[in-house]
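See below for the structure under consideration.
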Amino acid sequence: MAVACAAALSAFGQNILDVDVRKPGSPIQPTMYGIFFEDINYAADGGLYGELVKNRSFEFPQNLMGWQAFGCVEVKDDGPFARCPHYVELTDPGHRDRRTGLVNEGYFGIGLTKGEQYRFTVWAKAPKSKAAIRVQLIDESSMAESQVLAEQRIEVGSTSWAKYTATLSPSATLKRGKLRIYLHGANSVCLEHVSLFPVNTYKNRENGMRRDLAQALEDLHPGIFRFPGGCIVEGTDLETRYQWKNSVGPVENRPLNQNRWEHTFDHRYFPDYYQSYGLGFFEFFQLAEDIGAEPLPVISCGLSCQFQNPNPTLPGVHVALDDLEPYIQDALDLVEFANGDATTTWGKVRAEMGHPEPFNLKFLAVGNEQWDYDEKHGGFGPVFTERLKKFSDAIRAKYPALKLIGTTGPNSEGWDFDLLQPRMKQLKVDLYDEHYYRNEEWFLTHGLRYDSYDRKGPKVFAGEYACHGRGKKWNHYEAAILEAAHMPGFERNADIVHMTTPAPLFAHVDGWQWRPDQIWYDQTQMFKTTSYYVQQMYATNRGTNVLRLTMPRQQGKKTVGVPVANQEGQNGLFATACYDAPSGDVIIKVVNTSKTVQPVILNLNGMTVSGTARTLTLSHQGLDDENSISQPELIAPRPGTIGIEAGKKQSVINDLIPAMTFTVYRVKM
Ligand code: AHR
């Protein structure tokens, strides 16, 4: 009955999708769907990194930025940590009713949750051998009798620097709390590295991640974790590039770095945007391990951000080829840090940080969005590829098994892409990292992008991509559906597409520079975007092998099967199918990008059973709508079921897919 019905429907130009369930094809890499972390939009300090105090080491160029000082506060620079030498001395203001102290504003306020515990730590000394401080979590705007939500007194009883700890538990929940510290009694006290963390971090680590945000990453089931950027790898200049060696070892001694996104946009800049490196390379590797993803660090290739430095011949913009050696050594040392045993120089650093076992690093990317120049475009020559070659020679010689990732630059097509792609092939990189932020039209018309790629060239890593709507650069629903529509092209071409990571990952609602993003948050709450849900639907239904899925097309007298990528007569549909060996499931993903309901007949050729398929559907009416702090689940995937009818040669699923909808079908074989 179902088969007859399918034939009838096809006569009326319905959508017949044929899935060959008998022949599992190319393997789908475990790294296929992943995440890309960059410290943009206050993603690290003020975001994923659990620290609540801004400028905890008084190292910002304006040493008291983020702090409000009162009474007799002096900034000094001969502190106990060589790379973070500043600290403050609080001295007695000379009267019982006067005070000396500091208030920290946190990142857009300090988020506090009633009943939660917060660990306050400080390095302190009392120059006259004895002093005390009071530490308070306060609500400055409170109408209540007291501003104080929690308080502890700490006795500092030594003239030498020592670490002091206190736990505070606020009596109310507050988004814009503050931390107040003041000298209690006479004498003076010196304070350095003033820190406040929730005790309840992800995995309960002291230098840990915000639990809700890290959990959201784990829930994405990422196969690959690219970090730490993005353009911050390159820096506004070489001095501010990401230097991984500055990001490891004791947190108190990690030097501050200016964030490349601090002043990037005139319409949205944040003069207090710095990188404490508290979330550094050790923490990145550890997080990758915790969430089950392969780590993929990106390192500077010696070119500072090419967008910010259009003239590479100016002094200090790019490191000279002859001076590249320390940069290459940084790359080699990074591999040792990740994989070397505890007897090696850098393996020892890792072991001392609490991870004697190696992190099993398998991939390394050299450069982020770099490009060469031809005569028509600057004429500065192969500035990237000549540097990459030197890295590649050294890395291949020492670590031949490591997979090396190059880049095809910031564009998915055009002169720079055309210049770089063949050069990456010549250099025999293992994967090239492609980036594309494109509009709706592009996503609707590039579903076959990878079907024509050279099967013998490097594998593809779609390292940054997102739908930037025309005049609509936010997390609206339509953008997410178009991203979903692009992803069958990854899966269908799993023989060459080995990794994909959308971008960027995180954004603070008060501190963003770039949209759309995957996860948004303020000081106490977070929400997942529809783009996040799209990624999650793919990653949790990845499968192990591609299955052939086609729609019939008349070619002369013959009917042939063609990929489903919004081709002519495909009514805005994009689709892919795979087999999942561990569960034995057939998984079919269909995206309807048309503005009307599409009747779809899924023919599971090679199966002849009836039953029920599980479905997961992302569907919504308002294309411009998005989730938000106040409506975090406005748009979210809904689980369901659908009947499977058995025919003589195939099982059939009949469905009506609403306009702008993404559905995953899971069928037990
Ligand atoms: O994801 C934001 C930025 O976009 C990245 O830093 C850069 O690689 C790209 O241009």
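Among the residues of region 341-351, write down those that are open to solvent by 10 Å² or more (accessible area, probe 1.4 Å) and either among the small types (Gly, Ala, Ser) or touching a residue at least 24 places away in the same chain (Cβ under 8 Å) (or both).
Within region 341-351, Ala342, Val349, Ala351 meet the criteria.
Return yes or no: is Trp442 away from the ligand (no atom under 13 Å from the Cβ), among the aromatic types (Phe, Trp, Tyr) and surrounded by fewer than 20 Cβ atoms within 10 Å (Cβ to Cβ)?
Yes, satisfied.
Could you please let me know if Glu464 is at pLDDT 95 or above, assigned to a strand (DSSP E or B) and open to solvent by less than 50 Å² (accessible area, probe 1.4 Å)?
yes
Report every pair of residues separated by at least 6 positions or lying on different chains whose Cβ atoms are under 6 Å apart, first residue within region 426-440 and within 24 Å of Ala480 (Cα to Cα), second assigned to a helix (DSSP H, G or I).
Glu440/Leu482
State which residue is surrounded by the fewest Cβ atoms within 10 Å (Cβ to Cβ) when the search covers only region 382-410 and only residues that are within 16 Å of the ligand (Cβ to nearest atom) and of a type in the set (Ser, Thr, Tyr).
The qualifying residue surrounded by the fewest Cβ atoms within 10 Å (Cβ to Cβ) is Thr407.
Check region 527-544 and report whether any residue there is closer than 24 Å to Tyr269 by Cβ and either touching a Ser or Thr at 6+ places or on another chain (Cβ under 8 Å) or of a type in the set (A, V, I, L, M, F, W, C) (or both).
no
Taking only region 19-35 into account, find how many residues are buried (at least 24 other Cβ atoms within 10 Å of the Cβ) and part of a strand (DSSP E or B).
Qualifying residue count for the region: 3.
Can you pull out every residue in region 139-166 that is open to solvent by less than 60 Å² (accessible area, probe 1.4 Å) and in a strand (DSSP E or B)?
Val148, Leu149, Ala150, Ile154, Val156, Ala162, Tyr164, Ala166
Can you tell me which residue within region 522-543, out of those that are part of a loop (DSSP other than H, G, I, E, B) and on the phi < 0 side of the Ramachandran plot, is nearest to the chain's Cα centre (by Cα)? Before the answer, list the steps.
Going through region 522-543, the residues part of a loop (DSSP other than H, G, I, E, B) turn out to be 522-525, 529, 540-543.
Then keep just the ones that are on the phi < 0 side of the Ramachandran plot; that gives 522-525, 529, 540-542.
Numbers: Asp522: 17, Gln523: 18, Thr524: 20, Gln525: 18, Thr529: 13, Thr540: 17, Asn541: 20, Arg542: 19 Å.
By that ranking, first place goes to Thr529.
So which residues in region 480-521 are open to solvent by less than 10 Å² (accessible area, probe 1.4 Å), away from the ligand (no atom under 14 Å from the Cβ) and assigned to a loop (DSSP other than H, G, I, E, B), if there are any at all?
Those that are open to solvent by less than 10 Å² (accessible area, probe 1.4 Å), away from the ligand (no atom under 14 Å from the Cβ) and assigned to a loop (DSSP other than H, G, I, E, B): Asn493, Ala494, Ile496, Gly511.
Can you tell me which residues in region 306-349 are closer than 26 Å to Leu361 by Cβ, touching a helix residue (DSSP H, G or I) at 6+ places or on another chain (Cβ under 7 Å), in a helix (DSSP H, G or I) and among the aliphatic types (A, V, I, L, M)?
Matches in region 306-349: Ile328, Ala331, Leu332, Leu334, Ala338, Val349.
Taking Leu332, is it within 20 Å of the chain's Cα centre (by Cα) and within 23 Å of Lys390 (Cβ to Cβ)?
Working: within 20 Å of the chain's Cα centre (by Cα): no; within 23 Å of Lys390 (Cβ to Cβ): yes.
When the stated conditions are applied, Leu332 does not pass them.
Just to be sure, is Gly379 modelled with pLDDT of 95 or more and open to solvent by less than 10 Å² (accessible area, probe 1.4 Å)?
The answer is no for Gly379.
For region 266-304, which positions are assigned to a strand (DSSP E or B), over 23 Å from Leu324 (Cα atoms) and open to solvent by less than 40 Å² (accessible area, probe 1.4 Å)?
Scanning region 266-304 gives Tyr274, Gln275, Pro295.
Just one of Tyr477, Tyr533 is open to solvent by 10 Å² or more (accessible area, probe 1.4 Å), away from the ligand (no atom under 16 Å from the Cβ), modelled with pLDDT of 95 or more and of a type in the set (Ser, Thr, Tyr); which is it?
Answer to the check: Tyr533.
Please enumerate the residues belonging to region 237-265 that are assigned to a loop (DSSP other than H, G, I, E, B) and within 19 Å of Ala507 (Cβ to Cβ).
Asn259, Arg260, Trp261, Glu262, His263, Thr264 - these are the residues of region 237-265 that are assigned to a loop (DSSP other than H, G, I, E, B) and within 19 Å of Ala507 (Cβ to Cβ).
Can you name the number of the only condition in (1) at positive phi; (2) surrounded by fewer than 21 Cβ atoms within 10 Å (Cβ to Cβ) that Pro315 fails?
(1)
Quickly run through region 210-224 and pick out the residues that are over 22 Å from Leu52 (Cβ atoms) and either within 15 Å of the ligand (Cβ to nearest atom) or of a type in the set (A, V, I, L, M) (or both).
The answer is Leu220, Ile224.
Can you tell me which of Asn603, Asn627, Asn566 is more than 30 Å from Pro516 (Cβ to Cβ) and touching a helix residue (DSSP H, G or I) at 6+ places or on another chain (Cβ under 7 Å)? Quick ask: steps written out before the conclusion?
Values: Asn627 fails: more than 30 Å from Pro516 (Cβ to Cβ); Asn566 fails: more than 30 Å from Pro516 (Cβ to Cβ).
From the options Asn603, Asn627, Asn566, the qualifying one is Asn603.
For region 352-376, what are the residues that are in contact with a Ser or Thr (Cβ under 6 Å, 6 or more places away or on another chain) and either open to solvent by 60 Å² or more (accessible area, probe 1.4 Å) or more than 16 Å from the ligand (Cβ to nearest atom) (or both)?
Selection gives Asp372 alone.
Identify all residues within region 167-182 that are assigned to a loop (DSSP other than H, G, I, E, B), touching a residue at least 60 places away in the same chain (Cβ under 8 Å) and open to solvent by less than 50 Å² (accessible area, probe 1.4 Å); write none if there are none.
If the condition is that a residue be assigned to a loop (DSSP other than H, G, I, E, B), touching a residue at least 60 places away in the same chain (Cβ under 8 Å) and open to solvent by less than 50 Å² (accessible area, probe 1.4 Å), then Ala172 is the only one that fits.
Return only the number of the condition from (1) farther than 30 Å from Ser169 by Cα; (2) β-branched (Val, Ile, Thr); (3) outside any loop (DSSP other than H, G, I, E, B) that Val189 does not satisfy.
(1) is the only condition that Val189 fails.
Can you spot a residue in region 647-665 that is open to solvent by less than 50 Å² (accessible area, probe 1.4 Å), farther than 19 Å from Met537 by Cβ, within 37 Å of the chain's Cα centre (by Cα) and of a type outside the set (S, T, N, Q)?
The answer is no, given that none of the residues of region 647-665 is open to solvent by less than 50 Å² (accessible area, probe 1.4 Å), farther than 19 Å from Met537 by Cβ, within 37 Å of the chain's Cα centre (by Cα) and of a type outside the set (S, T, N, Q).
Any chance you could count how many residues in region 411-426 are away from the ligand (no atom under 16 Å from the Cβ) and buried (at least 18 other Cβ atoms within 10 Å of the Cβ)?
4
The values are calculated or read from the model by the stated rules, or taken from the named source; none is laboratory data. Note that the structure is a prediction, hence the values are computed from the model and not measured. Every residue, glycine as well, gets a Cβ built from its backbone with ideal geometry; the counts of neighbours run over all protein chains shown. These area figures cover heavy atoms from the full protein model, side chains too; ligands, DNA and RNA do not enter into them. Shrake-Rupley method; radii C 1.70, N 1.55, O 1.52, S 1.80 Å.
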